Structure formats: structure tokens, C-alpha cells
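Let me begin by presenting the structure, written as C-alpha cells, before commenting on it.
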Amino acid sequence: MDLDRYTHPLTDRYASKEMQRLFAPRRRFGTWRRLWIALAESEAELGIDISDEALAQMRAAVDELDLEQAAEYERRFRHDVMAHVHLFGDDAPAAKGIIHLGATSAFIGDNTDLILHRDALNLTRTRIVRCVEALAAFAEEHAELPTLGYTHFQPAQPTTVGKRATLWIQDLLLDLEELDHRIATLRFRGVRGTTGTQASFLELFEGDHDKVDDLDEAVGRRMGFHESYPVSGQTYTRKVDYAVQASLAGVAASVSKIAHDLRILAHLREVEEPFESEQIGSSAMPYKRNPMRAERMCALARHVIVLAQDPAFTAATQWLERTLDDSANRRLSIPDAFLALDGCLVLLENVSRGLIVNPQVVRRNLAEHLPFMATETILMHATSQGGDRQELHERIRQHSMAAARRMKEEGADADLLERISGDEAFGLDADELARMVDPLRFVGRAPTQVTRFLERAVAPVLERQREHLVNLDDPDIHV
């Protein structure tokens with residue numbers, strides 16, 4: 001490690017090796033060479049004089065990347081694409097005179113970015129599917145475990161631990177739909193020339209418009225695209241970058257919401273993230289068990305959400321056919337967004353597969369508030385047995401206030417049920433009251449909703465994406 005050179009936390013600490021590989025120099029510059037080969041092969045098919053030897057040498061040298069020599073060329077030319085044109089020419093001398101024929105730098109840079117967008121979106125999608133699978137198993141396991149619900153972070157009607165998890169899953173399913181749309185509508189820039197008019201290619205084919213169209217289709221097809229954007233300036237519209245990164249920000253928002261919920265539940269000691277046997281929570285407080293993975297998810301998600309502003313400003317400030325003030329920003333914002341979100345999803349899958357539920361704590365927290373929520377049920381039952389509804393209502397009000405005051409002033413447990421069972425006006429003993437405040441009576445249709453949601457919304461997605469559940473190693477948390 002060079003201790004005098006800055007290293008990026010996303011690559012050193014957070015992002016997976018799979019996502020890093022997509023944005024690594026080998027992949028980027030290897031894609032440049034594949035684009036040049038696709039261009040030359042397509043031009044040769046359409047009658048341009050390019051020798052078989054030139055094509056053979058290009059194919060043979062596609063992965064021979066001397067990045068030190070490329071850097072030397074770039075220092076000389078102050079142009080990254082021309083540096084690699086010369087480097088490829090060194091490696092394939094028979095093709096030196098036809099590499100990049102008719103093209104502009106955006107042919108290489110923009111089409112490569114679209115290819116990397118496509119592949120990175122697919123990897124992101126795979127990670128979401130795996131998170132959905134992990135959370136679905138958690139929701140199913142705890143579908144019937146009642147827990148205190150919260151609105152405004154104040155006690156509210158009970159739900160179940162599994163039902164709460166379905167809210168997280170539903171957000172991720174909506175994200176999957178959005179990514180599916182992005183992937184399905186992502187297109188190739190194609191071969192368009194310096195200002196998007198294809199003038200250089202029209203000149204190359206001596207005014208034959210059909211051959212220009214055929215070239216555009218052939219290159220796109222070779223690179224795995226069935227369609228190009230109908231028009232462009234020198235670059236494809238930067239609205240595409242914004243749409244992609246807005247989709248990533250949407251996923252980040254979902255992850256952040258889940259992580260915030262887990263942090264709250266960790267404070268309540270109801271649900272905890274995995275904690276390693278030698279993990280240290282605090283350098284000063286040895287007893288600490290902090291939700292550091294959930295906190296890291298929130299931190300990385302915030303970065304992804306903020307990064308979505310970059311392509312918005314870039315799209316808004318591109319002049320006419322293009323300006324170069326997009327370049328440095330895109331080099332930073334596009335990889336960072338994918339790498340940071342990848343780090344979020346790696347953490348989410350890891351945490352989701354190891355969530356620890358403390359049922360006794362869940363029951364205790366619910367038991368503290370459930371008697372107050374059950375008062376309407378108690379009132380209705382006592383009234384049906386001949387009691388005066390208004391008198392009983394007032395007695396419950398007084399008992400509730402007294403019990404709540406004792407909890408606040410003395411720190412005592414709720415004794416509301418004891419007060420009611422001791423009040424002859426209700427005619428209820430402790431056993432009858434206990435049956436009336438069975439937590440499952442107060443969760444409504446939550447268990448059924450979990451089962452139905454998993455069967456109707458989640459299972460079909462997981463079945464369609466079965467291959468995505470097994471084509472990645474289990475997530476590796478670096479720190």
C-alpha cells in the first residue's frame with residue numbers, strides 16, 4: 001500500500017469485487033477496444049477496405065492493455081482516447097491506419113458508459129433480488145409475532161414483526177420495477193460523428209444513407225444492443241444519466257428507510273443486526289453493541305441520493321451539441337453511485353440474512369402498552385354483560401390515567417389490568433382479562449397479509465429470477 005496516495009473508501013472498504021470489476025480500467029479500456037473492433041468489422045462488412053490481417057491483429061490484441069504506456073501517451077497528447085488509439089495501433093500495427101475510422105471520442109466514451117450502465121444495472125438488480133429473498137424468509141418466519149406498531153414514533157395499534165418487514169420488501173419490489181424499466185429502455189448511442197449528424201460516415205460511404213444506417217445497427221448489435229437513441233448531439237442526452245442515477249437514488253432511499261427502522265428497533269432491543277464474536281462496539285464503552293452496519297447503510301445511501309443531483313445539473317447545463325464540463329463530473333459521479341449503492345445492498349443482504357429477533361423483549365414492550373389499547377374491547381364486553389357504558393367509560397378513563405401516572409412518576413410497570421380486574425363494575429377476573437388482551441386479537445389481518453403478499457407479490461418475482469439468487473457469492477463485509 002502506498003501510504004502517500006489517497007485511496008477510495010468505496011473500493012477499499014465498501015463495494016463488492018463484482019461491481020469494482022465493472023468500473024476497473026481493464027473493463028473500461030477493454031470495452032473501448034471491443035468497440036473499435038465492432039466498428040472495423042462492421043465497416044469491412046459494408047465494403048470499407050479493411051484487411052483480414054488488420055481485424056485479426058485487433059482481435060488478438062483486445063486484452064493486451066499496457067496502461068503505463070497509455071498513460072505516457074496521454075501525457076503527450078492530453079487526450080485519453082487518442083492515447084489508446086495509438087496504444088492499440090502499437091499492438092495491432094496492420095490496423096493502425098483504420099482504428100477509430102469515422103468516429104469521434106464520444107463513440108468510444110459514451111457507448112462504453114452505456115454498456116457499463118447496462119451491466120451495472122443488472123448487477124444491482126441481482127443484489128436487490130437477493131435482498132428480497134432474505135427479507136421474505138424473515139417475514140415468513142415472524143409473520144405471527146405481534147409487535148407494537150408506531151406512528152410518529154409513538155405507540156400505535158399492534159402489527160407483526162413479519163408484516164413490518166413486508167413494507168421493506170414492497171419498496172424493493174417497486175425499485176425492481178423501476179430498474180427493469182431502465183434496463184429495458186436503455187439504448188446505444190451508436191455511430192453518430194462529431195455533432196450527431198453522421199456526416200463523417202456519410203462521407204465514408206460516399207453518400208449511401210442505407211449503409212450508414214446499417215453500420216449503426218451492426219455495431220450496436222455486436223455490442224448487445226437492439227436499438228440506438230434516434231438522435232444525438234456529439235453525446236447521448238445526459239438525461240439518460242440522470243434517469244439512471246435517479247433510479248439508483250430510489251433504491252438508496254429504500255435501503256435507508258430499512259436501515260433507519262433497524263436502528264430504531266436495535267435501540268428498543270427488539271431486533272438486532274448480526275454481531276461478530278470479537279466485534280467491538282466502542283473503544284471507550286466495552287458494553288456497546290451498535291448497529292454499525294445499518295448506520296453504514298444510511299451513510300452510503302445518503303451519498304447515492306445526493307449524487308443524483310450531479311447528472312441533473314449536467315443535463316441542465318450542456319450547451320447545444322455538447323460541452324466538456326460533463327466529463328470530469330461523470331468520471332466521479334457515475335461509478336461512485338453504482339459502487340456506493342452496491343455497498344448498501346451488500347450490507348442489506350448480509351444483515352437481512354442474520355437478523356436477530358428478541359421475542360421476549362418484543363412481547364414485553366407490547367405488554368406495556370397493550371392494556372391501554374385493549375380498553376375499547378374491555379368496555380364493549382362489560383357493556384354487553386349489562387354494564388352502563390358511560391359509567392364504565394369513566395371508570396376506564398380514571399384507571400388509565402392513574403396507571404399511566406404511576407408509570408411516569410414511579411417508573412412502575414403498567415397495572416391497568418389489575419385495576420380493572422379489581423373493579424367490581426366490570427365483573428372480570430384476571431384470567432378473563434388476559435384472554436381479552438391476547439396480542440394476536442389486535443394485529444388485524446397482519447399474518448394473513450404477510451402470507452398473501454409473499455405468495456402473490458414476492459414468490460413470482462423470486463421464481464422468475466431464480467438464477468440471480470445463485471450466481472453471486474454470499475456478500476463479503478470487509479469491515
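The values are calculated or read from the model by the stated rules, or taken from the named source; none is laboratory data. Just so we're clear, the structure is a prediction, and the values are computed from it rather than from any experiment. All Cβ positions, even for glycine, are placed from backbone atoms using ideal geometry, and neighbour counts span all protein chains on display.
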Go over the candidates Gly190, Gly162 one by one and state the one that is part of a helix (DSSP H, G or I), in contact with an Asp or Glu (Cβ under 9 Å, 6 or more places away or on another chain) and crowded, with 18+ Cβ neighbours inside 10 Å. Gly162
How many of the residues making up the stretch 270-309 are at pLDDT below 95 and assigned to a loop (DSSP other than H, G, I, E, B)? 19
Test Arg435 against the stated conditions and say whether it is without any contact (Cβ under 8 Å) to a residue 40 or more places away in the chain, surrounded by fewer than 18 Cβ atoms within 10 Å (Cβ to Cβ) and either of a type outside the set (Phe, Trp, Tyr) or in a helix (DSSP H, G or I) (or both). yes
For Thr377, state whether it is surrounded by fewer than 17 Cβ atoms within 10 Å (Cβ to Cβ) and under 30 Å from Val251 (Cα atoms). no
Restricting the stretch 165-187 to residues that are of a type in the set (D, E, K, R) and part of a helix (DSSP H, G or I), the one nearest to Phe225 (Cα to Cα) turns out to be Arg182
Quick check, is Ala259 crowded, with 18+ Cβ neighbours inside 10 Å, part of a helix (DSSP H, G or I), in contact (Cβ under 8 Å) with a residue 40 or more places away in the chain and within 21 Å of the chain's Cα centre (by Cα)? yes
Out of all the residues in the stretch 77-103, which are surrounded by fewer than 20 Cβ atoms within 10 Å (Cβ to Cβ) and touching a residue at least 60 places away in the same chain (Cβ under 8 Å)? Leu101
So the check is Cβ under 7 Å with 6+ separation or different chains; which pairs have a first residue in the stretch 385-404 that's farther than 13 Å from Asp423 by Cβ and a second one that's at pLDDT 85 or above? Arg389/Thr383
State yes or no: is Thr235 β-branched (Val, Ile, Thr), part of a loop (DSSP other than H, G, I, E, B) and free of Cβ contacts under 8 Å to residues at least 24 places away in the same chain? no
